[in-house]
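Asker: Sharing a structure here in structure tokens format.
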Amino acid sequence: MTQNTELQEYLARGVEQIVSESLHAVLKNPKESAFMLKFAAAAKKASKRRMELEKQGEHIPSFLISSITSSCNLHCAGCYSRCNEATADSEPVQQLSGEEWRKVFGEASELGISYIILAGGEPLLRRDVIEAAGEIKDIIFPVFTNGTFINERYFDLFDRCRNLIPVMSIEGDREHTDSRRGEGIYDRLTANMEEFRRRDLIFGASVTVTTENIESVLSDEFAEELIKRGCKLIIYVEYVPAAPETEYLAPSDPEREVLREGIDRLRRDFDGTMFLSFPGDEKESGGCFAAGRAFFHINSHGGAEPCPFSPYSDINVRETSLREAVRSKLFLSLRSGDLLSAEHDGGCVLYEKRDRVEALLAQSKKQEAV
């Protein structure tokens, strides 16, 4: 069995686990229990649709990442989105409207895309988009949030729309979280977790792994604390040094090996929780998943990019279909070449080799101009 097959099977089992836990959580609510059963059937139908298109020579990824806003209320240390100027304090202009995002989500459903990560900025600032996502019942939307805007209205929305799964960013204990995200954030997150648990709502946690917190966030104590609070999904994201002065925070090769072994151990020890690593799982499976290989990114203005860490685009979903975006010249060039599987020092090959991505982008635009 190949590493890629093993990872895909683990992902499938993890999603099934989330669906199973959701069913257990809503047994007292026949309407929501019926929804989760319908989603399980919809996911199989979506997979079949992607396989049909694959046979026709058209590759459709199962995941999409959508950064639905360029606004955020926090200034987290070393934030890649602010370093790439994708997030700013100024009033956003020319962002995709709620209706435009609704169109993207509808096209994704037709193509067989089953999971769309909603990111930002801070996605909960776009309630119109979150509500639009909640209406697309055959897609699961993990919502990557800093947690500060979760209020009674959002708790009620997550309760009504079980396809919206909040994933809150936490950096470990109170000291590590507040030092990167701001004073009082840790307490706000844990209070949210307690309310999610009280309401029997599924939620996850996203952990940015740095040289400063790697030991603590891989500990059994940290995992047990999150699981005790009701967390069913923990995603470890290796820090990418978008700001040069923060390169010391990026895990080295030996530390990435520690991360890999730690996650393998957590998967064995905590069977009821799903553990993912990005981009570590990609490296284990033979290369980067970006540029439509398994996912791609749409920024807040509609540009289709290989991934959030590689903010380059030659096509915009505002001007074309999502289906055409998957076939962008830049994506095709990346998938047909050796860049996605190239050797590299850092955790993100597209970030480290961004000069090559920029060269491919320039070539794509030159071809478009001819």
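The numbers here are math on the coordinates, done by the rules we state, and not lab data. For clarity, every value in this text was computed on a predicted model and none was experimentally measured. Because the Cβ atoms are built from the backbone with ideal geometry, glycine has one as well, and the counts that use them run over all protein chains shown.
Asker: Show me, for region 162-175, the HN-Hα J-couplings you get by feeding each phi into the Karplus relation (A = 6.51, B = -1.76, C = 1.60, θ = phi - 60°), rounded to Hz, glycine and proline as x.
Answerer: After applying 6.51 cos²θ - 1.76 cosθ + 1.60, I find 6, 7, 9, 10, x, 10, 8, 7, 9, 10, x, 7, 4, 4 Hz.
Asker: Among 114-122, 55-63, how do they line up by average Cβ neighbours within 10 Å per residue, starting with the highest? Show your work: numbers first, answer last.
Answerer: Details: 114-122: 23.9, 55-63: 14.3.
So the peptides 114-122, 55-63, ranked by packing, come out 114-122, 55-63.
Asker: Taking 0.36 nm per intervening residue step and subtracting the Cα-Cα distance, what contour gain separates Asp187 from Asp271 on full extension? Working shown, then result.
Answerer: Values: separation 84, 0.36 × 84 = 30.24 nm, distance 2.70 nm.
Extending this stretch completely gives an extra 27.5 nm.
Asker: Contact order normalised by length for region 167-223, with contacts defined as Cα pairs under 8 Å and 6 or more residues apart; what percent is it? List each step's numbers first, then the result.
Answerer: Working: 51 pairs, mean separation 27.0, N = 57.
With pairs under 8 Å counted, the relative contact order is 47 percent.
Asker: Hey, can you rank 85-91, 354-360 by average C-beta count inside 10 Å, highest first? Mind dumping the intermediate values first?
Answerer: On the way: 85-91: 13.4, 354-360: 15.1.
Per-residue Cβ counts within 10 Å, averaged per peptide and sorted highest first, yield 354-360, 85-91.
Asker: On to the next question. Order the peptides 224-234, 257-267 from the highest to the lowest mean number of other Cβ atoms within 10 Å of their residues. Don't jump to the answer; show the numbers that get you there.
Answerer: Working: 224-234: 18.2, 257-267: 16.0.
Final packing ranking: 224-234, 257-267.
Asker: To continue, here is another question. Give, in nm to one decimal, the length gained when the segment between Asp355 and Cys83 is fully stretched (0.36 nm per residue of separation minus the Cα-Cα distance).
Answerer: Working: separation 272, 0.36 × 272 = 97.92 nm, distance 1.69 nm.
Contour length minus Cα-Cα distance gives 96.2 nm.
Asker: Once you keep just the Cα pairs under 8 angstrom separated by 6 or more residues, what percentage relative contact order results for region 125-167? Display every interim value, and only then the final one.
Answerer: Numbers: 35 pairs, mean separation 22.0, N = 43.
Across region 125-167, relative contact order equals 51 percent.
Asker: Can you tell me how much longer the chain between Ile227 and Ser179 gets when fully stretched, taken as 0.36 nm per residue apart minus their C-alpha distance, in nm with one decimal?
Answerer: Details: separation 48, 0.36 × 48 = 17.28 nm, distance 2.30 nm.
Contour length minus the Cα-Cα distance gives 15.0 nm.
Asker: Give a quick list of GluC sites (Glu not before Pro) in region 151-192 that DSSP marks as loop, anything other than H, G, I, E or B, with at most 10 other Cβ atoms within 10 Å.
Answerer: Working: sites: Glu152, Glu171, Glu175, Glu183; in loops: Glu171, Glu183.
Taking region 151-192 and a limit of 10 other Cβ atoms within 10 Å, the loop GluC sites (Glu not before Pro) found are Glu183.
Asker: Report Rg (one decimal) and Dmax (nearest whole number) for the chain, counting Cα atoms only, units Å.
Answerer: 19.5, 61
Asker: Given labels modelled 7 Å from the Cα in the Cβ direction, how far is it in nm from Arg199 to Glu107?
Answerer: Between Arg199 and Glu107, the label points sit 3.2 nm apart.
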